[in-house]
Amino acid sequence: MTLARLEHALETGALMLSQGARLILLEPTSDVDLAFLRGHQLIVQQNFRPAFDLFEVGGYDVTTAAAGPADAVHVTLPRSRELAKGLLAQAEKLAGDGLVIIDGAKTDGIDAILKFAKSRVAIDGQMSKAHGKIFWFSAANAFEDCALPEPAVLESGWITQPGVFSADGPDAGSEALVRVLPQSLKGRGADLGGGWGFLTRHLLYLKGVSHVDLVEADHRALACAQLNVTDDRVAFHWADATTWGPPGSLDWVVSNPPFHTSRVPDASLGQDFIRSAARLLKPKGTFVMVANRHLPYETTLSSCFAQVQELDGDNRFKILQADQPISAGKPTRARRR
């Protein structure tokens, strides 16, 4: 798919960019086709590693922190309101005397951001299309106070940043998981989708743990994790947890996997994490995960591991343990506690 609203605005002439304009795209999704922007100097800022890799493979100039100035800066509105305002401020700074273009779906709050922008600047143009809106204005210094804050210490002592998952503190699922982490975990393991480091730091309390690979796709969250976890037994990886790491290299894997990239739940994400864990584990390895009660992970676990059990849970969450990847040649045996 393309950036449909941007493409439409350019095709109709409602929005005009000079040939060869320097255009910075802040956080576009990985499924966009940027071919319609050929003829412009494109710079892509992307902090989500799978998307970063796809743009890089596509031959685009991609970075985690774009540098200005630019003739125009396009923002793909994220789900987080705080991150959206931060990107708006960054776009205005990068644009200098150029244009800031904000583009988003109704479900991601584009109407609220448009109303907010109108309270500070004159909007040069706007269009509605594909269940969303795009609007643009001339950059000034109207949003300087909205700049995304640097990682900061919460009252709980953890360091997070607006825009990362569970920025206000540990999420309930991870808290449920750390209460029942098997004391038998030992040796080398990984925290897949480790976020800002909550699970990893608790894994280090287990006596037998000698090394943890914290794997996280969100560059901002990983930066927070490096501040929260300073133990030299931890290695940090900005990577896609579903493809990272050599097969058969770990004794255990722990995860609180994501289950959406938009507002619509997608169980396939967690299922991909399960398959990745099975791939990474040694023949007698153990995988422990937490999931929302309604998510259908048991079938995937049983197809990937010889033994599956529910360690603990309530009406919201289930903590599941799976042992011995099927590749080890063990018969499948699912059981409940």
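The values are calculated or read from the model by the stated rules, or taken from the named source; none is laboratory data. Model, not experiment: these values are computed from the prediction. So basically every Cβ, Gly included, is an ideal-geometry build from the backbone, and we count neighbours across all protein chains shown. Ligands, DNA and RNA are stripped out before the accessible areas are found, and what is left, the full protein with its side chains, is counted by its heavy atoms. Shrake-Rupley method; radii C 1.70, N 1.55, O 1.52, S 1.80 Å.
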Report the charge-dipole magnitude of the range 61-173 in Debye, nearest 20, computed about the Cα centre from +1 at each Lys and Arg Cβ and -1 at each Asp and Glu Cβ.
-> 460
Give me the distance in nm between label points sitting 7 Å out from Cα along the Cα-to-Cβ direction at ILE326 and THR64, one decimal.
-> 3.5
Any residue on another chain or 5+ positions along whose placed amide H is under 5 Å from the amide H of LYS129 is listed here as ILE134
Considering only lysines 8 or more places apart in sequence, or on different chains, count the pairs in the chain whose C-alpha atoms sit under 21 Å apart.
-> 22
Phi angles of the range 239-254, converted by Karplus (6.51 cos²θ - 1.76 cosθ + 1.60, θ = phi - 60°) into ³J(HN,Hα) in whole Hz with x for Gly and Pro, give 7, 7, 4, 7, 10, 5, x, x, x, x, 10, 10, 7, 7, 9, 10
Could you tally the net charge around GLY59, taking each other residue with its Cβ under 15 Å from the Cβ of GLY59, Lys/Arg +1 and Asp/Glu -1?
-> -3
Spacing of the two label points (7 Å from each Cα toward its C-beta) at SER119 and SER138, in nm | 2.4
What do you get for Rg/Rh of the chain when both radii come from the Cα atoms and Rh is the Kirkwood radius?
-> 1.03
Amide proton proximity set for LEU3, modelled H, under 5 Å, gap of 5+ = ASP33
Where Lys and Arg each count +1 and Asp and Glu each count -1, what net charge lies around GLY169 among other residues with Cβ under 14 Å from its Cβ?
-> -3
Per the helix-only model, the chain has a calculated mean residue ellipticity at 222 nm (DSSP H runs of ≥4, -39500 (n - 2.57) each, divided over all residues, rounded to the nearest 500) of -7500 deg cm²/dmol
Take the chain, connect every pair of alpha-carbon atoms lying under 10 Å apart with a spring to form a Gaussian network, then pick out the residue of ALA291, ALA66, ALA172 with the largest mean-square fluctuation.
-> ALA172
Under a 5 Å amide H to amide H cut-off, with H placed in plane at 1.01 Å, what residues pair with ALA21 once short-range neighbours are removed?
-> GLN41
Accessible area per residue, 1.4 Å probe, Å², for the chain: what's the number?
-> 46
Efficiency of FRET between ASN292 and ASP145 - r from beta-carbon atoms, R0 41 angstrom, step 0.05 = 0.65
Express the relative contact order of the range 215-324 as a whole percentage, based on alpha carbon pairs under 8 Å and six or more residues apart in sequence.
-> 22
Output ordering of 158-170, 268-280, 6-18 (per-residue mean of other Cβ within 10 Å, highest first) is 268-280, 158-170, 6-18
In the chain the DSSP beta bridges are antiparallel at a rate, in percent to nearest 5, of 45
Apportionment of accessible area to carbon and sulfur, the chain, percent (1.4 Å) | 50
Note on the chain: contact order normalised by length, alpha-carbon pairs under 8 Å, 6 or more apart, percent, works out to 11
Pseudo-spin-label distance SER128 to ARG316, built 7 Å along Cα→Cβ, given in nm, is 3.7
